[in-house]
Amino acid sequence: EDKDRGASADLAVVEHRRRLYDEWVQWRQNVLDDIKMEKQELNLPEDPLEGLIKNTSDEENQIIE
Amino acid sequence: MRPILLQGHERALTQIRYSRDGDLLFSTAKDQHICAWYAHNGERLGTYHGHQGALWTVDPNPQTTLIASGAADNTVRLWNIQTGKCLKVWDFDTAVKRVEFNEDGSKLLAVTEQRMGFLGTIVVLDVNQDVDGEQNGEKVLTIQCDESKATVAGWSYLSKYIVAGHENGSVSQYDAKSGEQLDNVQVHDMDIASQVTDLQWSADRTYFITASKDKTAKLINAENLVVLKTYVADTPLNSAVITPRKEFVILGGGQAAMDVTTTSTRQGKFEARFYHKIFEEEIGRVRGHFGPLNTVAADPTGKGYASGGEDGYVRVHQFDKGYFDFSYEVERQAKQQQLQQ
């Protein structure tokens, strides 16, 4: 009986964690979707640095030339 | 996890920051110089001299060409990482406790100390990315903290908000363009010493973690300042960071020497504590420092972390296989399900 009680307690802990985990994954997905939309509306690239880092290497190339 | 010990500072560490690709470390201490290190072997790349007082803060720009620093000499300085040359000095009325670049490196914020006759402020500066270019000396925006001085601050995603942690344990959200305060939430315990001691971002800057003297760290949504998670420790916290790749957070703190009756390192609780970010449970601790941990930083690529102590040491840790293998049953199952789909 004690063993059973322990097992159901474990089960409760695991279920609780599963709920927290699913909640988190869901929230992250929502945030990522929202930001994607916001960036599209503002005409911004996905990665804020993508353009910038390319620019610096272009400049470096020009100097070498 | 064998740490590399970096010996280059003679006084207490105040902040450590990694470069964006995790290969360089920048550290500041009360000994008036900034150190740059190679993260993989601890070799010193250089030091940056010029400040005339304790250094409180440092931040590299995302392109890893410039660092900004703030100090007790009431200045913010901008440095060329490669040459060590100081490119610009901005003067303030009081000490500068925190600097941070926004996500594209075009703007820098500085948090200034409150002192008789001067309110604490958050100031925004424009930064010219060109290391040989002229820098603008003007303060683009000044936010005054009338209620409680800001101790830390940072830029949200899209540089939309400036978020600040205050001495009274509250967190504020400001419009980053107008400086207007949009929200203020008492996230840390108001009844006890609850100063917000650190504020560090998730990789995409949509949420952040605060550390507080009230012995807790909080994970907070940048959009609405809702507290998502709380991590409870048994000692005042000086620093907290979110780890990339694994769903962990690392907390650092410890009772200051003057506040403990015994000098045992165990009593002082000078350990880096790992918590599961989602489940809020403590997973493990890493010992090593002989004094409180003043700053913890995570390698943005997820390969390791570094801590800086009141003892004057920087300890750099590369995570081993056990760290990457560790996961909860629930996480394993979720991964398996994903693979099956």
### Top-ranked residue in the stretch B:177-219 [being of a type outside the set (K, R) and within 14 Å of another protein chain (Cβ to nearest Cβ); ranked as nearest to the chain's Cα centre (by Cα)]
B:W201
### Task
Give the stretch B:107-129 a look and list any residue that's among the small types (G, A, S) and under 20 Å from B:V196 (Cα atoms), or say none.
B:A110, B:G120
#### Entry: Total residues in the stretch B:117-174, condition closer than 21 Å to B:D191 by Cβ and not in a strand (DSSP E or B)
7
#### Entry: Those residues of the stretch B:40-72 which are of a type in the set (G, A, S) and surrounded by 23 or more Cβ atoms within 10 Å (Cβ to Cβ), in sequence order
B:A68, B:S69, B:G70, B:A71
### Task
Could you name every one of the strands (runs of 3 or more DSSP E) located completely within the stretch B:272-338 that has at least 3 residues being under 22 Å from B:I220 (Cβ atoms)?
B:272-276, B:293-298
### Query
Is at least one residue of the stretch B:207-225 β-branched (V, I, T) and either touching a Pro at 6+ places or on another chain (Cβ under 6 Å) or surrounded by fewer than 19 Cβ atoms within 10 Å (Cβ to Cβ) (or both)?
no
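Residues are listed down the side, and each one gets a yes or a no for (1) part of a strand (DSSP E or B); (2) modelled with pLDDT of 95 or more; (3) in contact with an Asp or Glu (Cβ under 9 Å, 6 or more places away or on another chain):
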position: B:I16; (1), (2), (3): yes, yes, no
position: B:G22; (1), (2), (3): no, yes, yes
position: B:S69; (1), (2), (3): yes, yes, yes
position: B:R77; (1), (2), (3): yes, yes, no
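Report yes if B:D104 is within 14 Å of chain A (Cβ to nearest Cβ) and more than 23 Å from the chain's Cα centre (by Cα), otherwise no.
no
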### Enumeration of residues in the stretch B:221-255 that are more than 14 Å from every other protein chain (Cβ to nearest Cβ) and part of a strand (DSSP E or B)
B:V232, B:L237, B:N238, B:S239, B:A240, B:V241, B:I250, B:L251, B:G252, B:G253
## Note on the structure
With criteria (1) under 18 Å from the mean Cα position of the chain (by Cα); (2) closer than 23 Å to B:G291 by Cβ, B:G8 comes up short on (1)
### Query
B:Y38 fails exactly one of the following numbered conditions: (1) away from every other protein chain (no Cβ under 14 Å); (2) within 24 Å of A:E50 (Cβ to Cβ). What is the number of that condition?
(2)
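Those residues that are in contact with a strand residue (DSSP E or B) (Cβ under 9 Å, 6 or more places away or on another chain), under 14 Å from B:K246 (Cα atoms) and surrounded by fewer than 21 Cβ atoms within 10 Å (Cβ to Cβ), I need them from the stretch B:286-317; list them, please.
B:P300, B:T301, B:K303
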### Query
Which condition number in (1) surrounded by 19 or more Cβ atoms within 10 Å (Cβ to Cβ); (2) within 28 Å of B:L6 (Cα to Cα); (3) within 14 Å of chain A (Cβ to nearest Cβ) is the one that B:V99 fails?
(3)
## Note on the structure
For the stretch A:23-51, pairs from a residue that is surrounded by fewer than 10 Cβ atoms within 10 Å (Cβ to Cβ) to a residue that is among the hydrophobic types (A, V, I, L, M, F, W, C), with Cβ under 8 Å and 6 or more apart or across chains, are A:L42/B:L158
### Task
With respect to B:F274, determine if the residue is more than 14 Å from chain A (Cβ to nearest Cβ) and modelled with pLDDT under 95.
no
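The values are calculated or read from the model by the stated rules, or taken from the named source; none is laboratory data. Because the structure is a prediction, the values reported are computed rather than measured. Using ideal geometry, Cβ is built from the backbone for each residue, glycine included, and neighbour counts are taken over all protein chains shown.
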